[in-house]
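Laboratory data are not the source of any read-out in this text; all were calculated from the coordinates shown. Given the structure is predicted, the values throughout are model-derived calculations rather than measurements. Don't worry about glycine lacking a Cβ; one is built from the backbone with ideal geometry, like all the others, and counts go over all protein chains shown.
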Amino acid sequence: MVMMALALPFAYMQARAGMVGIKVFLGIMLGVFFHLMNSLFSHIGLLRNWPPLAAAAVPSAAFFLAALTAMWLVERR
């Protein structure tokens, strides 16, 4: 669900405005960064004895807030 929410701002941008390649690249890098953050927080959660729900929910919640902010910025235009 978070990845779909992250993809929505890229879908609403005008394709005719150009820079489609940059938008695709940024979307891919955002997905890779999300995957790396999930892995990092799972390992940090094991090392610091965090509750499993917190270790799993923090990256998803952070990226979901980023997706909501990006959607708000796109809708504002």
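The requirement of being touching a residue at least 60 places away in the same chain (Cβ under 8 Å) and either surrounded by 12 or more Cβ atoms within 10 Å (Cβ to Cβ) or part of a helix (DSSP H, G or I) (or both) is fulfilled somewhere in segment 47-65, by at least one residue. Residues that are surrounded by 11 or more Cβ atoms within 10 Å (Cβ to Cβ) and more than 17 Å from Ala62 (Cβ to Cβ) within segment 1-24 comprise Phe10, Ala11, Tyr12, Met13, Met19, Val20, Lys23, Val24, listed in sequence order. The residue of segment 25-39 that is surrounded by the fewest Cβ atoms within 10 Å (Cβ to Cβ), among those that are of a type outside the set (Gly, Ala, Ser), free of Cβ contacts under 8 Å to residues at least 24 places away in the same chain and touching a helix residue (DSSP H, G or I) at 6+ places or on another chain (Cβ under 8 Å), is Leu26.
Filtered by the rule that a residue be farther than 13 Å from Ala66 by Cβ and part of a helix (DSSP H, G or I), segment 1-15 gives Met4, Ala11, Ala15.
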